[in-house]
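The values are calculated or read from the model by the stated rules, or taken from the named source; none is laboratory data. Owing to the predicted nature of the structure, the values given are computational and were not obtained by experimental measurement. All Cβ positions, even for glycine, are placed from backbone atoms using ideal geometry, and neighbour counts span all protein chains on display. Just so you know, the surface numbers come from the protein's heavy atoms only, side chains and all, with ligands and any DNA or RNA stripped out. Shrake-Rupley method; radii C 1.70, N 1.55, O 1.52, S 1.80 Å.
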Amino acid sequence: MDFLNLFSAETDILSILRNIDSFVWGPPLLLFLVGTGVYLTLSLGFIQVFRLPLALRYVISPEPSDNDNAGDISSFAALTTALAATIGTGNIVGVATAIKAGGPGALFWMWLAAFFGMATKYAECMLAVKYRTVDENGQMAGGPMHYITNGLSDKFYSRPLAVFFAFCGIGVAFFGIGIFPQVNAIADSAAITLNVPPFYTAVVITVLVAMVTIGGIRSISKVAQVVVPFMAIAYVLGCLLIIATNASALPSTISLIINSAFTPTAAAGGFLGSTMILAVQMGIARGVFSNESGLGSAPIAAAAARIKEPAKQGLISMTGTFFDTIILCTMTGIVLVMTGSWTSEYEGAYMTSYAFSTGLESIGIYIVGIGLMFFAFTTILGWNYYGERCVEFLVGVRGIMPYRIIYIALVGGGVYLTLDTIWILADIVNGLMVIPNLIAILALRKIISHETRKYFDGLKEEKDSY
């Protein structure tokens, strides 16, 4: 009887969380998020298209003189730290859960959100460098809470809005992207790939996270610069191998993704069917979970970069959304649809592992399993830093160490939560974090346009002088 009551209580809580999630990620927030990206895309002259080659050049061939500027880490380290926090379960498990609930069409809406999200990512990371400050420990402190208070200092709502963002940031670090989905994904991957019980996985992750995060941003960035590029390349190569061996199915796969974006998808096998609205909702929500454009997290890492020009860091950070969603999520989504695993009875990491084992047999399981473990681990590290900066904003540097201890203590708990509960909680806190950030970006739209024009005018003058 007690067990039945406990099960009923858990079901009721899950139902309440689903209702909250549907409300938070309803049409108003979806329009606000995509609409902000559309506005910035138009006002900045399609910066994510015409300036992407320049942005990629900055990433591939950084200028040595940038290291002479104020900051804690290099621009590349700031980008990889941001990518460490974004490339993770969103790219492997998030895409799977989006397609499982919204059908193949959800991937199209992830693409759309990412395209416009690149302009949003540029704007928020540019503002982070422009309005960053130095904390009591001599470290750079920046992000939405700082450009809200410093950029909108004459607005009566700036302080409450910044505080709300900081609280939401801590919530996402603890209960959203930061810990629970990542630890749960690592535990699932370790069980699938290496047959390791969840308890031992939790212990190992907790110890490793403690060893790295106590060292702060420099320690985190050192790990990110090595792990992120290596694992991303290995994962993409695995995806490309599956796509190449099933090249004849690629046209029908793309056709199904696009058609399903605008029409309901019928039930098939383990897929229960989906409406167009659900495809839109899942695609955009999981897209934000994946690339974090508009969420306000990447600007916190961008603010630590050793760089002088805010617009330049905005361009470098903008490539994060390109790498994360346009490349990695696309690879995962195509593999899931192409192999037919989206209609299987599997969910989350198991669904992606099934797709890779179908495409590459036994080696596919290891590519997903090991890749997911590394991706999720670096995400935990990156979000530890984001939450830390939010704590520093609220209570000062004295709160950093207690925060780190709590964060490390929570790491082991993610293995015991159900997949549904984890992702719904993550969606809710992510959505709440988006709101104050987008308000600030739109309120500072004239500053964004001015800084952008000034930077590119300077590049033109420099080029004309030669």
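Observations
- Residue check, residue 330 within 19 Å of residue 100 (Cβ to Cβ), surrounded by fewer than 21 Cβ atoms within 10 Å (Cβ to Cβ) and in contact with a Leu (Cβ under 8 Å, 6 or more places away or on another chain): yes
- Between 369, 314, the distinction of being under 22 Å from residue 223 (Cα atoms), open to solvent by less than 10 Å² (accessible area, probe 1.4 Å) and assigned to a helix (DSSP H, G or I) belongs to 369 only.
- If you go through the stretch 27-45 and keep only what is touching a residue at least 12 places away in the same chain (Cβ under 8 Å) and outside any helix (DSSP H, G or I), you end up with just 44.
- When 295, 336 are checked against the criterion of being of a type in the set (A, V, I, L, M), crowded, with 24+ Cβ neighbours inside 10 Å and closer than 19 Å to residue 256 by Cα, 336 stands alone in meeting it.
- Condition check for residue 363: more than 29 Å from residue 213 (Cα to Cα), of a type in the set (A, V, I, L, M) and surrounded by 24 or more Cβ atoms within 10 Å (Cβ to Cβ): no
- So residue 230, is it under 19 Å from the mean Cα position of the chain (by Cα), part of a helix (DSSP H, G or I) and among the hydrophobic types (A, V, I, L, M, F, W, C): yes
- Check on residue 381, buried (at least 21 other Cβ atoms within 10 Å of the Cβ), among the hydrophobic types (A, V, I, L, M, F, W, C) and within 30 Å of residue 142 (Cβ to Cβ): yes
- Lone unmet requirement of (1) open to solvent by 30 Å² or more (accessible area, probe 1.4 Å); (2) touching an Asp or Glu at 6+ places or on another chain (Cβ under 9 Å); (3) closer than 18 Å to residue 377 by Cα; (4) among the polar types (S, T, N, Q) for residue 213: (1)
- Scanning the stretch 115-148 for residues that are closer than 30 Å to residue 263 by Cβ and touching a Gly at 6+ places or on another chain (Cβ under 6 Å) turns up 116, 117, 119, 120.
- Of the candidates 445, 389, the single residue that is surrounded by 15 or more Cβ atoms within 10 Å (Cβ to Cβ), under 30 Å from residue 38 (Cβ atoms) and touching a strand residue (DSSP E or B) at 6+ places or on another chain (Cβ under 7 Å) is 389.
- Selection from the stretch 158-198 of residues that are open to solvent by 60 Å² or more (accessible area, probe 1.4 Å), of a type in the set (Phe, Trp, Tyr) and at pLDDT below 85: 175
- Yes/no for residue 218 being surrounded by fewer than 24 Cβ atoms within 10 Å (Cβ to Cβ) and touching a strand residue (DSSP E or B) at 6+ places or on another chain (Cβ under 8 Å): yes
- For first residues located in the stretch 415-430 and assigned to a helix (DSSP H, G or I), partners that are modelled with pLDDT under 70 and lie 6+ apart or on another chain with Cβ distances below 7 Å form the pairs 426/289; 430/289.
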